[in-house]
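Participant: If you scroll down you'll find the structure; I have some questions about it.
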Amino acid sequence: MTYLKRELAFCRSLRVYMTRLVALQGGATVNNHPPRLRRKMSLLKGFLIILLVVVQILTLTDPAQANKRKDKAVYGYSTLPYWNVGLYSARLSRACQQRRFGQMRQFRYMIGFVGKKGRAITGIASSEWNLYDPARLATPKQTYHFYNDGYSDCAVYVSPQRRN
């Protein structure tokens, strides 16, 4: 709402400026403008409003910041296929496909598999971090790697947690 108020205030100030400019040039008032000049003024005012709206939109969306997500991190990359990350769990995969087991926030932490075979990105979660598990299917000290989390072909691979 404040944006519209600012735009209206700008239009009013533009009209006052144009009125003073015309008054200085020929002494005419706003109501005494010839039709051609009124049409040009309204076109100019419309163009300036559109220009201001476009500038506002462009300044609100910074393309350099649009792709940066501070809540996402890449754990690493591997040339191995994604299915070598751990042991496939049919039970957890079925629960993932039914949305009963998965990541709270998809791809918050991930591994990129960039080899010739098995290219993919898997999201990582554990029982202590980023895991949605209302049925308590997770076991402690296990890391869960999700391939296609949120889809009907979700696959879950289980691996032991790394020690620091």
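Participant: In the stretch 92-126, which residues are at pLDDT 85 or above and of a type in the set (S, T, N, Q)?
Facilitator: Answer for the stretch 92-126, where residues must be at pLDDT 85 or above and of a type in the set (S, T, N, Q): 93, 97, 98, 103, 122, 126.
Participant: Only one residue in 149, 153 is surrounded by fewer than 19 Cβ atoms within 10 Å (Cβ to Cβ) and either within 29 Å of the chain's Cα centre (by Cα) or in a loop (DSSP other than H, G, I, E, B) (or both), so which one is that?
Facilitator: 153
Participant: Those residues that are out of contact with any Gly (no Cβ under 8 Å at 6 or more places or on another chain), assigned to a helix (DSSP H, G or I) and not hydrophobic (A, V, I, L, M, F, W, C), I need them from the stretch 80-95; list them, please.
Facilitator: Those that are out of contact with any Gly (no Cβ under 8 Å at 6 or more places or on another chain), assigned to a helix (DSSP H, G or I) and not hydrophobic (A, V, I, L, M, F, W, C): 91, 93, 94.
Participant: Let me ask another. Look at residue 143 and say whether it is crowded, with 18+ Cβ neighbours inside 10 Å and polar (S, T, N, Q).
Facilitator: Yes, satisfied.
Participant: List, please: which pairs have Cβ atoms under 9 Å, are six or more places apart or on different chains, and start with a residue in the stretch 105-117 that is more than 25 Å from residue 129 (Cα to Cα) and end with one that is in a loop (DSSP other than H, G, I, E, B) and hydrophobic (A, V, I, L, M, F, W, C)?
Facilitator: 115/80; 117/80
Participant: Take residue 150 and tell me if it is in contact with a Gly (Cβ under 8 Å, 6 or more places away or on another chain) and over 12 Å from residue 75 (Cβ atoms).
Facilitator: Criteria met by residue 150.
The values are calculated or read from the model by the stated rules, or taken from the named source; none is laboratory data. Predicted model, so just to flag it, every value in this text is computed and none were measured. Neighbour counts run over all protein chains shown; Cβ positions are idealised from the backbone, glycine included.
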